[in-house]
Amino acid sequence: MGMDSYIFLLILTFLLKPGNASIHVYNKESFNEVGNSYLLSGGSEGISTSSHSRSFVRFDNITFRRPKSAAKSRGLIQVVLFEAADRNNIGGSAYGGQRSICCTSDLSKLQGCKQGEVIRIPSANDLNWPIILKLHFSRNSLSTSMKNHEEISISKTGMYNLFFIACDPKLKGVVMSGKTVWKNSDGYLPGRMAPLMRFYVFMSLVYLLLAVIWFTQYIRFRKDILQLQHCISAVVGLGLFQMILWYFEYANFNSTGMRPVVLTTWVVTVGAVRKTIARLLVLCVSMGYGVVRPTLGGLTSKVLLLGITYFLASELLDITEYVGTINDLSGRARLFLVLPDALLDAFLILWIFTALSKTLEQLQVKRSAVKLDIYRKFSNALAAVVFASVAWIAYELYFKATDPFSERWQSAWIITAFWDILAFALLCVICYLWAPSQSSQRYAYSEELGEEFDEEEAQSLTREKPDGDISLVEKKEKSVGGTRVLDEDGEAEEDKRE
């Protein structure tokens, strides 16, 4: 395929609007001028087929309205449905020139197509595909409609694209209203989203298992709970709640073909809250909150400001992506929404590792071996998560760059699922390291002598004499009868308890 053909197909792909619902609604949608044609994308979805249930695309109340200037002619609208693998079977070029969708006088001589209509080359797998339905305007009529509830049966699993095309230049300005219904063998959920419904069942179960283990310990040792463990409990609860909501949202989508705005907005809002609290939790842990410092001090306002900003950026992006249709936006508009979220994540990672480095230094200086061991394990886990994130972003870019026509739609769900799995893995590590226990307060910040040294390491204090000798200043040995004290000369004194 030549470069012109490839660019032409990429333009078509850009105009496609992969629907967020299997019922695509059109409200006076305008046609776009592409080459020598005017076209409107009706949608692009992966459709799976099976022997026990029908898969189809149905047209409901589809009506076209043209401008008054074109009322005297019989205009032609063609409905084109084709599989992504047959994308080269729509359109053609004369003498290797620019590719055209509509047949010209030169192309009619070379390819035998009918001038003024869409060029169609039969598929090698099925001569009946691509499918083209024709619809004419009556003379002096400003509107025409398709036969209501007309269906096109789908017998092969694949990625299908729908276009409404007009080759007549007089039809410039035509608009369309109505809806199309796309149904898979298992329901209305688009093929690339269907595996996510089963995935969220799995994630709900693993979050439930984590919640049962965590809250059992949380209730058992409720008298020794740290502030940090309250935050972890909130993240675990929100994570379980979010996974359950995602499942019900997808189940409703699958049964009705529509995504209710209220339900979807509620789901993405819970998700934005969970992501925000989870990121702030990691930041606070890295700062040593509750372990090497009792409060965040002057940093509290900055952390809260960052949290509010991240929540707003994440909420706006998720609402636009899941509640609206992100493909309706231009590349710059999408970048405008994605970029703040990505920059805030990068800033958070930088701040987290900077704070973690300082916390490790403090614990080394204080020789707090137990806490230092926990934070080293946490830093290793965090480094592994960041490495996995960068690697997955690179893979995601490769995946999208090598699949511009979404032919690998059946495995596209993994891109979304990976981030939920990674977030759950990091949460499990945090739950393991800071699990509620009888000795939870041992890891808490304390202003007593034990904060400077661990109990095991604070058995003796030393000081240096002017002559360079190190001598024991004081050592206390607790016993039932009393306390034995050694003075600087090594003589024992005994204090009897009354």
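The values are calculated or read from the model by the stated rules, or taken from the named source; none is laboratory data. Everything numeric here is computed off the predicted structure, so don't read it as measured data. Reconstructed Cβ throughout: ideal geometry from the backbone, glycine too, with neighbour counts over all protein chains shown. Accessible surface is based on the protein model in full, side chains and every heavy atom, while ligands, DNA and RNA are left aside. Shrake-Rupley method; radii C 1.70, N 1.55, O 1.52, S 1.80 Å.
Scanning segment 240-262 for residues that are aliphatic (A, V, I, L, M) and open to solvent by less than 50 Å² (accessible area, probe 1.4 Å) turns up Leu240, Met243, Leu245, Ala251. Contact annotation: residue pairs with Cβ atoms under 6 Å, 6 or more positions apart or on different chains, pairing a residue in segment 405-426 that is more than 22 Å from Leu280 (Cα to Cα) with a partner that is open to solvent by 40 Å² or more (accessible area, probe 1.4 Å) and assigned to a loop (DSSP other than H, G, I, E, B), are Trp409/Arg192; Ala412/Arg192. Hey, among the residues in segment 382-433 that are among the polar types (S, T, N, Q) and not in a loop (DSSP other than H, G, I, E, B), which one's farthest from Ala211 (Cα to Cα)? By that ranking, first place goes to Gln410. Taking segment 377-395 as the range and being farther than 15 Å from Leu283 by Cα and either of a type in the set (D, E, K, R) or surrounded by 15 or more Cβ atoms within 10 Å (Cβ to Cβ) (or both) as the test, the residues that pass are Lys377, Ala388, Ser389, Trp392.
Checking the structure you have, find out if any residue of segment 178-185 is open to solvent by 40 Å² or more (accessible area, probe 1.4 Å), at pLDDT below 85 and either in contact with a Phe, Trp or Tyr (Cβ under 7 Å, 6 or more places away or on another chain) or assigned to a loop (DSSP other than H, G, I, E, B) (or both). No, every residue in segment 178-185 fails to be open to solvent by 40 Å² or more (accessible area, probe 1.4 Å), at pLDDT below 85 and either in contact with a Phe, Trp or Tyr (Cβ under 7 Å, 6 or more places away or on another chain) or assigned to a loop (DSSP other than H, G, I, E, B) (or both). Tallying residues that are in contact (Cβ under 8 Å) with a residue 24 or more places away in the chain, open to solvent by 10 Å² or more (accessible area, probe 1.4 Å) and assigned to a strand (DSSP E or B) within segment 25-81 yields 15.
Whether a residue is surrounded by fewer than 18 Cβ atoms within 10 Å (Cβ to Cβ), part of a helix (DSSP H, G or I), touching a residue at least 24 places away in the same chain (Cβ under 8 Å) and of a type in the set (A, V, I, L, M, F, W, C) was assessed, and Ala211 does not pass this test.
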